[in-house]
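Report on the structure given below.
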Amino acid sequence: MLTRRRRHVHSIHCILPPYLLRSIAENGTPQQRVKALRTVSTDSTFRALRFAGGRVAASSSSVRRLPAMMVESQRQRSIYDLKGEEAFPGTLVRSEGQGPCGDLAADEAFDGLGATYDFFWEVMGRNSIDGDGMPLQAYVHYGRDYDNAFWDGRRMVFGDGDGELFNRFTIALDVIAHELAHGVTEDEGPLWYFQQAGALNESMSDVFGSLVKQRLLGHTADQADWLIGAGLLADEVEGQALRSMKEPGTAFDDDVLGKDPQPGHMRDYVTTWEDNGGVHINSGIPNRAFCMTATRLGGSAWERAGRIWYEAVRDPRIMPDTNFSDFARITVMSATRLYGPGEEEAAVKEAWEEVGIRVSRDRVSVPQWGSVQPGA
Amino acid sequence: MSRDSVRIQLSQEGGLAAFPGLARPRSVELSELPAEQAEAIEHGLRDARFRELPAVVGGGSASKGADQRRYTLTVEEGTRRHSVELVEPVEDPRLRELLSLVKRATRRRGGGH
Ligand SMILES: [Zn+2]
């Protein structure tokens, strides 16, 4: 059960930030060095230790030592230009170590992937999408007037927008990070891309997307705009972004796009067959829970709230059909595991309660809100 | 066929965000369009052999991935009606061209119903 996944032989995860480990590995005494490298242990071993009640004490002799070079970043980006086609692989226009190629979308994608890689590496101690240095591939200028960006299971694809409704999709760093984060969530968990599990998948991408942007801008939770895709909607469109994590349902209200359909509370949960069962609609609920957790805790959202959410998505109890209530409970347990019973745990609980999901020590419940179908 | 009897309808779902306005089917009579645009769409329909296409075209078998999009394009000519679901990536360039033309035609501000 603890090893439900077969990969991640070398993946790095630890409580200590990598820069600290790197410093210890480079400058520490031989004993400190060995300890630091032990801490950078394999996922499954570390996970097993956590569940055995250990915190950072990776002192078991079964912990596999990793070579020192594993403590280095392995950022490896490639940007391909599809030149308006929808056929892969296109032309490689920029790879790691090269300067700007002069194509705006390609350079934005390159920088966006860099910021996202750095976020996962420096904040979460994760080495790329698969935790094992997976090269990052982005494809720009996909199609003509193409109004979308997506993750296809191994690469990120960005359209130029039609100019009337949408600008180019690389314009927003959080959108780039959103797509990359889909890779992370897919690698970590078996979440179905459907109904509540799919909305959680979507929410994870928004959470990490926003955190990458907040970190680059140096914004605290209070300063952050909590918007996803600001700048992406063309001038003529009535709206400020694709979504608002702080106030779901308020991002746009336009005669062509319609009104932002996101709920921010379980009482407004939308039951639909469209959009894979509302994955981009009901994600507003967990998005708001995250935003409120971060706001309650204050400071940099990626430091505590972000880490709690990241721990949750890596939790082996995440199942294909994990719903909001299950996930709420897992985030509360993650908070407790990481920080003990204290303000973090309380902030997470209160935030979920604000969106209509009550987590108690033993169970989680969703009060009946009219036509709401909890656990759909 | 006479142009004023042809109605094109497009809806889409999926993609990076949910836009009710785009998911709602939007249709346009070719006769409402500028002649040049209407002719381009007629050409597009012929080139893509739209009327002969099966109900679903494109898409992979991938259970992976996120934010991908699908379109439903319907052409009504009098009592005849043909509907095709286009799942990304749409590989046939003629079909992509048609999709692009129809998107522009049905999304004009003040246009479409
Ligand atoms: Zn997404």
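A few remarks follow.
- Sole exception among (1) in contact with a Phe, Trp or Tyr (Cβ under 7 Å, 6 or more places away or on another chain); (2) away from every other protein chain (no Cβ under 14 Å) for A:F158, by number: (2)
- The lone exception for B:G78 - which of (1) at pLDDT below 90; (2) among the small types (G, A, S); (3) out of contact with any Asp or Glu (no Cβ under 8 Å at 6 or more places or on another chain); (4) under 30 Å from A:F252 (Cα atoms) it fails: (4)
- Selection within the stretch A:242-251 - assigned to a loop (DSSP other than H, G, I, E, B) and within 14 Å of the ligand (Cβ to nearest atom): A:L242, A:M245
- Near pairs, Cβ below 9 angstrom, 6+ apart or cross-chain, from the stretch B:83-96 (within 10 Å of chain A (Cβ to nearest Cβ) and within 20 Å of A:F158 (Cβ to Cβ)) to any residue that is aromatic (F, W, Y) and assigned to a loop (DSSP other than H, G, I, E, B): B:P89/A:F88
- Of B:L99, B:L86, all but one fail to be under 18 Å from B:F19 (Cβ atoms) and part of a strand (DSSP E or B); the exception is B:L86.
- Considering the stretch A:127-150, and only residues there that are surrounded by fewer than 24 Cβ atoms within 10 Å (Cβ to Cβ) and at the interface with chain B (Cβ under 7 Å from one of its Cβ atoms), the residue that is nearest to B:A66 (Cα to Cα) turns out to be A:N148.
- Summed over the stretch A:174-193, residues that are near the ligand (Cβ under 10 Å from one of its atoms) and within 9 Å of another protein chain (Cβ to nearest Cβ) total 6.
- Top-ranked residue of the stretch A:252-296 - restricted to ones that are surrounded by fewer than 22 Cβ atoms within 10 Å (Cβ to Cβ) and within 21 Å of A:G218 (Cα to Cα), ranked as nearest to the ligand (Cβ to nearest atom): A:T295
- Residue among A:P100, A:P89 that is surrounded by fewer than 18 Cβ atoms within 10 Å (Cβ to Cβ), within 14 Å of chain B (Cβ to nearest Cβ), at negative phi and not in a strand (DSSP E or B): A:P89
Every residue, every condition in (1) crowded, with 24+ Cβ neighbours inside 10 Å; (2) within 14 Å of the chain's Cα centre (by Cα); (3) more than 7 Å from every other protein chain (Cβ to nearest Cβ), yes or no:
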position: A:A172; (1), (2), (3): yes, no, yes
position: A:Q195; (1), (2), (3): no, no, yes
position: A:L200; (1), (2), (3): yes, yes, yes
position: A:M204; (1), (2), (3): yes, yes, yes
position: A:V207; (1), (2), (3): yes, yes, yes
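- Of the residues making up the stretch A:306-321, those that are outside any loop (DSSP other than H, G, I, E, B) and more than 14 Å from A:W226 (Cα to Cα) number 7.
- Residue list for the stretch B:62-83, filter: within 23 Å of B:S27 (Cα to Cα), away from the ligand (no atom under 15 Å from the Cβ) and not in a strand (DSSP E or B): B:G78, B:T79
- Single unsatisfied condition, A:Q214 versus (1) more than 16 Å from the ligand (Cβ to nearest atom); (2) more than 10 Å from chain B (Cβ to nearest Cβ); (3) part of a loop (DSSP other than H, G, I, E, B): (3)
- Boolean, A:M124 is more than 10 Å from chain B (Cβ to nearest Cβ), away from the ligand (no atom under 12 Å from the Cβ) and surrounded by fewer than 21 Cβ atoms within 10 Å (Cβ to Cβ): no
- Residues located in the stretch B:6-28, provided they are hydrophobic (A, V, I, L, M, F, W, C) and away from every other protein chain (no Cβ under 12 Å): B:V6, B:I8, B:L10, B:V28
The values are calculated or read from the model by the stated rules, or taken from the named source; none is laboratory data. Just so you know, these numbers come straight off a predicted model, no measurement behind them. Every residue, glycine among them, receives a Cβ derived from its backbone with ideal geometry; neighbour counts consider all protein chains shown.
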